[in-house]
């Protein structure tokens, strides 16, 4: 086991949980850890590009894609979201306090070498294509996650 | 510490989180791991039999039991459930993509030797009796969980 | 790595998840483990004093503070809360079954030597001041958490 490895499964697509996962990941990477973030289910929305990508989808895939937030800038809060008002309040406060937003946290993660993996099975189920996700993301399944987790000393599910 | 042991606490009774936990558990078991899933609180609903079991309960116990989903086939989504419509959409998509549903994932887990433990304290609080849960489930408390977690190298709370 | 160390991040401020995290923490402490609980985001509400503390806050900070539950006695359920009715039902059942409530679980945790840490960055974002939290809580950031997690053999995010 490598004392310098951490993995985080990002299942949630909520602004607050995405922030928490990236703050832990970036903190660990800054302290010299090898960090893998595995984005699955709603967590995939954290990695979506903000602009609409033209892709042929089935009706249900298109409906899912349309209902889910496109990228880090549109995520809602897990509590007290009130149709996005809570998330706006949170973003305003974070700007006032000079706390990085999720887009900035993702850029920092990438510059620190945090590995961002999108779960290929969830992408299939949710009808999200590789072209819809930000650059630099890798694609893999549960076996890859388990291989990484076996070598890590901290494994979180968020 | 045994490199081949994993534990997962399934606290959530949501369709999507139940799927995620079982996919990880089954993946780990298929790769030769000893896996223990510890179902607690809402997670107990994942293990409920689909059919009503006649049991004498207090009023509050009966109310809880009536409001909570009976088994894997009735779970809702953690997000965008819209009174079950989201969960139906998800089930339809999964069928289209040939992804196993939760009942099938549980059967696979059992055939792979994944240990399914129902938290006895939660059962007491929520008024769920052993007869209401599917066959092959064991019953234990937090000390058993901690004993297993101490021997595992990946421990998740879902 | 120390076989006798556990960490739990308490991100959630829900009654049911707070209970689960404290039951695990107290169980581990009673079995001789060194346990650190790191309360962040909504989890900070678990540590708030029940009485209002007079503090000058910005408008958004005051609004957040007013909307969030003040302390363990006012937490809601993560599911089926129905404006607090679900949480009341749960508290009634717990009393009937002689299960400790969250306040009692926190007292037990403190008497067992469980370290309760409030995340200083979340406190800043949510506008929660040290005086608003119960006595005996420590304050630290993500680096402290990661240092503790590195030495623990079970690390959960709840």
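Read-outs throughout are calculated quantities, based only on the coordinates presented, and are distinct from any laboratory measurement. Computed from a predicted model, the values in this text were never measured in an experiment. Ideal geometry is used to build each Cβ from the backbone, glycine not excepted, and the neighbour counts take in all protein chains shown.
The table for this structure:
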| item | result |
| --- | --- |
| Order of C:148, B:107 under a 10 Å beta carbon neighbour criterion, fewest first | B:107, C:148 |
| Relative contact order [Cα under 8 Å, 6+ residues apart], the range C:1-58, whole percent | 44 percent |
| Whether the range A:5-157 is rounded, prolate or oblate, judged on the alpha carbon gyration tensor where a/c under 1.5 counts as rounded | oblate |
| Chain A residue with Cβ closest to the axis mapping A onto B, distance in whole Å | A:157, 4 |
| Relative contact order computed over the range C:8-101 (Cα-Cα under 8 Å; 6+ residues apart), in percent | 31 percent |
| Shielding by partners - mean other protein chain Cβ count within 10 Å, residues of B:118-125 | 3 |
| Sequence of C:67, C:31 once ranked by neighbouring C-beta atoms within 10 Å, starting from the fewest | C:67, C:31 |
| Shortest-first nm distances, residue C:139 label point to equivalent points in other copies (7 Å, Cα→Cβ) | 4.7, 4.7 |
| Shape call, the protein assembly as shown: gyration tensor on alpha carbons, a/c limit 1.5 | rounded |
| Which of B:19, B:68 has the fewest Cβ neighbours within 10 Å, and the rest in rising order | B:68, B:19 |
| Label-point separation in nm, residue A:66 to residue B:124, each point 7 Å along Cα→Cβ | 5.1 nm |
| Alpha-carbon centroid distance for the pair the range A:71-127 / the range B:1-73, whole angstrom | 29 Å |
| Using a 7 Å Cα-to-Cβ projection, residue A:100 label spacings across copies, nm, ascending | 3.9, 3.9 |
| Calculated FRET efficiency for the pair residue B:139/residue A:100, C-beta based, R₀ 60 Å, to 0.05 | 0.85 |
| Contact order normalised by residue count of chain B, Cα under 8 Å, 6+ apart, percent | 39 percent |
| In nm, spacing of pseudo-spin labels at residue A:54 and residue B:107 (7 Å Cα→C-beta vector) | 4.5 nm |
| Average other protein chain Cβ within 10 Å of Cβ, residues A:73-79 | 3 |
| Cβ-vector label at 7 Å, residue A:56, separations to other copies in nm | 6.5, 6.5 |
| Average partner coverage of A:20-27, which counts Cβ from other chains inside 10 Å | 4 |
